[in-house]
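J.: Handing you a structure now.
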Amino acid sequence: DGITANLCMAPVRHFIYRDCRSGGVVSPSIAAAPYDNAAGWSALMKHYQIIYDELHSPIGQLKLIYRQFSVDTIIAWVNEKFEIYVILE
């Protein structure tokens with residue numbers, strides 16, 4: 001059945017976790033609005049890409065980002081062991 005974001009106690013819509021040592025990635029399947037269609041999925045991936053690019057920019061060394069988009073709030077944390085990106089309601 002896999003992992004779903006609604007297993008969390010916080011109002012989490014989606015997340016991506018990457019173990020930097022193994023390269024393994026954990027992410028739930030998308031089934032609920034606003035990500036239940038192609039446009040929603042595309043917007044979600046665009047938000048992840050923006051945050052990823054900011055965290056991995058050669059100019060700065062950000063380790064933690066909190067960003068409010070029109071329908072999402074994203075918290076991202078990167079360190080030498082893992083990366084985690086969390087989409088909140």
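The values are calculated or read from the model by the stated rules, or taken from the named source; none is laboratory data. From a predicted model like this one, the values you see are computed outputs, not experimental measurements. All Cβ positions, even for glycine, are placed from backbone atoms using ideal geometry, and neighbour counts span all protein chains on display.
Okay, residues lined up against (1) modelled with pLDDT under 90; (2) of a type in the set (A, V, I, L, M); (3) surrounded by 15 or more Cβ atoms within 10 Å (Cβ to Cβ):
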site	(1), (2), (3)
Cys8	yes, no, no
Ser29	yes, no, no
Lys46	no, no, no
Leu62	yes, yes, no
Phe69	yes, no, no
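J.: So is Asp36 surrounded by 10 or more Cβ atoms within 10 Å (Cβ to Cβ), within 11 Å of the chain's Cα centre (by Cα) and at pLDDT below 85 or not? If you could, list the steps in order and put the result at the bottom.
T.: Working: surrounded by 10 or more Cβ atoms within 10 Å (Cβ to Cβ): yes; within 11 Å of the chain's Cα centre (by Cα): no; at pLDDT below 85: yes.
For Asp36, the condition - surrounded by 10 or more Cβ atoms within 10 Å (Cβ to Cβ), within 11 Å of the chain's Cα centre (by Cα) and at pLDDT below 85 - is not met.
J.: So, one more: Regarding Arg13, is this residue assigned to a strand (DSSP E or B), touching a residue at least 60 places away in the same chain (Cβ under 8 Å), surrounded by 14 or more Cβ atoms within 10 Å (Cβ to Cβ) and in contact with a Gly (Cβ under 8 Å, 6 or more places away or on another chain)?
T.: Details: assigned to a strand (DSSP E or B): yes; touching a residue at least 60 places away in the same chain (Cβ under 8 Å): yes; surrounded by 14 or more Cβ atoms within 10 Å (Cβ to Cβ): yes; in contact with a Gly (Cβ under 8 Å, 6 or more places away or on another chain): no.
No.
J.: Quick one: count up the residues across the stretch 16-27 that are part of a loop (DSSP other than H, G, I, E, B), surrounded by 10 or more Cβ atoms within 10 Å (Cβ to Cβ) and touching a residue at least 60 places away in the same chain (Cβ under 8 Å).
T.: First pass over the stretch 16-27, keeping only residues part of a loop (DSSP other than H, G, I, E, B): 20-24, 27.
Remaining after also requiring surrounded by 10 or more Cβ atoms within 10 Å (Cβ to Cβ): 20, 24, 27.
Imposing the further condition that a residue be touching a residue at least 60 places away in the same chain (Cβ under 8 Å) reduces the set to 20.
So the answer is 1.
J.: Take the stretch 16-33 and flag every residue that is within 14 Å of the chain's Cα centre (by Cα) and within 18 Å of His56 (Cα to Cα). Lay out the reasoning, then the answer.
T.: Pass one, the stretch 16-33, residues within 14 Å of the chain's Cα centre (by Cα): 16-19, 25-30.
Within the stretch 16-33, Ile16, Tyr17, Arg18, Asp19, Val25 meet the criteria.
J.: Do we have Arg13 as of a type in the set (Lys, Arg), touching a strand residue (DSSP E or B) at 6+ places or on another chain (Cβ under 9 Å) and modelled with pLDDT of 90 or more here?
T.: Working: of a type in the set (Lys, Arg): yes; touching a strand residue (DSSP E or B) at 6+ places or on another chain (Cβ under 9 Å): yes; modelled with pLDDT of 90 or more: no.
Spelling it out, it is not the case that Arg13 is of a type in the set (Lys, Arg), touching a strand residue (DSSP E or B) at 6+ places or on another chain (Cβ under 9 Å) and modelled with pLDDT of 90 or more.
J.: Are there any pairs with C-beta distances below 9 angstrom linking a residue in the stretch 62-89 that is closer than 14 Å to Phe15 by Cα and touching a residue at least 60 places away in the same chain (Cβ under 8 Å) to a residue that is of a type in the set (Asp, Glu) and assigned to a loop (DSSP other than H, G, I, E, B), with the two at least 6 apart or on different chains, and if so which?
T.: Ile87/Asp72; Leu88/Asp72; Glu89/Asp72
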